[in-house]
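Enquirer: One structure, pasted below without further comment.
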Amino acid sequence: MGLRLRDSIGRQLRELRYEPTAKRIRAVLNGTTVVDSDRAILVWEPRRVVPAYAVPAEDIDAELSPEPTGSVPAGETGDVGFALPDVTTMPVLDPRVPFSVHSTEGEPVAIRTAGAGYARGFRPGDQDLTGYVVLDFDGFDRWLEEDDEIVGHPHDPFQRIDVRRTSRHIRVMLGDTLLADTRRAKMLFETLLPVRYYLPAGDVVAELQPSATTSYCAYKGEAAYRSAVTAGGVLHDIAWRYDEPLVDASEVRGLVAFFDERLDLVVDGVARPRPVTPW
């Protein structure tokens, strides 16, 4: 019997996973390079969908001390997380779930520098990770893979983005209200996530207002959100665009995508089921 790869990945989410990387990894805190390692590994705690970097303790130029408070123990995280039913029945821990929520046994530590810098770390209890400290990505000011800065979170070497042009007839609807209509979309395929349709701004019928909301994707860059004005009211943060995307997403620069979790996407006359995602 064949094995659907997505099902295998879903089962692996229950496990503590790690993978070595050949990249030199540096992290900066308060203007000082605190982490500098060519022995880093990527670590996914159980149910985490994006990895964190871990490095040997001796590659951290700071004081490490136990931090017994401010961390959620592994045994108390079962109901924390968000639905991703196309992958697993468990609630997943996406980047919005704080680093302090741990789903494996270990010791939380504080990382303190002489300049009063502070970040969080975690020593996993697993014997394969002995001597390593998992690092809170958001706790540092700047991260470098070799000489290139990264944002959002470390890249997953088993995840990728593909962008393809399509002449399919794409309509974005809310009930009977048309928001966009195009045959010039670009489809963005991202591992384990729904296909997203990016549309030329000129093919968006609804009035879009800029929002103050932004978000960061490690693969695509900074997203600027838009709210749609309809006769029934304002749909807040219903769409987004990348005006200065990272290299992998350069082909969707300036195009508009909608959250079809909250709208109806009609492709060649056929309505697609609304996906269920953490968003």
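The values are calculated or read from the model by the stated rules, or taken from the named source; none is laboratory data. Because the structure is predicted, anything quoted here is derived from the model rather than measured. All Cβ positions, glycine included, derive from the backbone under ideal geometry; neighbour counts span all protein chains shown. Please note that ligands, DNA and RNA were not included when accessible areas were found on the heavy atoms of the full protein model with its side chains. Shrake-Rupley method; radii C 1.70, N 1.55, O 1.52, S 1.80 Å.
Enquirer: Can you tell me which residues in the range 250-260 are at pLDDT 95 or above and either open to solvent by less than 30 Å² (accessible area, probe 1.4 Å) or touching a Leu at 6+ places or on another chain (Cβ under 9 Å) (or both)?
Expert: Selection gives Glu251, Val252, Gly254, Leu255, Val256, Ala257, Phe258, Phe259.
Enquirer: Looking only at the range 96-134, which residues are surrounded by fewer than 19 Cβ atoms within 10 Å (Cβ to Cβ), farther than 18 Å from Val34 by Cα and not aliphatic (A, V, I, L, M)?
Expert: Of everything in the range 96-134, those that are surrounded by fewer than 19 Cβ atoms within 10 Å (Cβ to Cβ), farther than 18 Å from Val34 by Cα and not aliphatic (A, V, I, L, M) turn out to be Arg96, Pro98, Ser100, Glu105, Glu107, Gly125, Asp126, Gln127, Asp128, Thr130.
Enquirer: Condition first: without any contact (Cβ under 8 Å) to a residue 60 or more places away in the chain and either touching a Leu at 6+ places or on another chain (Cβ under 8 Å) or of a type in the set (Lys, Arg) (or both). Now tell me which residues in the range 189-203 satisfy that.
Expert: Val195, Tyr198, Leu199, Pro200, Ala201
Enquirer: Next question, about the same structure. Taking the range 20-30 on its own, how many of its residues are touching a Gly at 6+ places or on another chain (Cβ under 8 Å) and either surrounded by fewer than 18 Cβ atoms within 10 Å (Cβ to Cβ) or outside the structural domain of Arg123 (by the TED database) (or both)?
Expert: The total comes to 1.
Enquirer: Quick one: which of Ala40, Ala54 is buried (at least 21 other Cβ atoms within 10 Å of the Cβ), farther than 14 Å from Ser103 by Cα and touching a residue at least 60 places away in the same chain (Cβ under 8 Å)?
Expert: Answer to the check: Ala54.
Enquirer: Being part of a loop (DSSP other than H, G, I, E, B) and either open to solvent by 20 Å² or more (accessible area, probe 1.4 Å) or in contact with a Ser or Thr (Cβ under 7 Å, 6 or more places away or on another chain) (or both) is the filter here; which residues of the range 261-276 pass it? First the steps, then the outcome.
Expert: Quick first cut of the range 261-276, residues part of a loop (DSSP other than H, G, I, E, B) only: 261-263, 268-269, 272-276.
Scanning the range 261-276 gives Glu261, Arg262, Asp268, Gly269, Arg272, Pro273, Arg274, Pro275, Val276.
Listed here are the residues, each with its yes/no results for (1) of a type outside the set (Phe, Trp, Tyr); (2) in a strand (DSSP E or B); (3) at pLDDT 95 or above; (4) crowded, with 17+ Cβ neighbours inside 10 Å.
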| site | (1), (2), (3), (4) |
| --- | --- |
| Tyr197 | no, yes, yes, yes |
| Ser211 | yes, yes, yes, no |
| Tyr219 | no, no, no, yes |
| Arg226 | yes, yes, yes, yes |
| His236 | yes, yes, yes, no |
| Ala239 | yes, yes, yes, yes |
| Asp248 | yes, no, no, yes |
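Enquirer: Right, something else. With respect to Pro124, is the statement that it is of a type outside the set (Gly, Ala, Ser), touching a helix residue (DSSP H, G or I) at 6+ places or on another chain (Cβ under 8 Å) and on the phi < 0 side of the Ramachandran plot true?
Expert: No.
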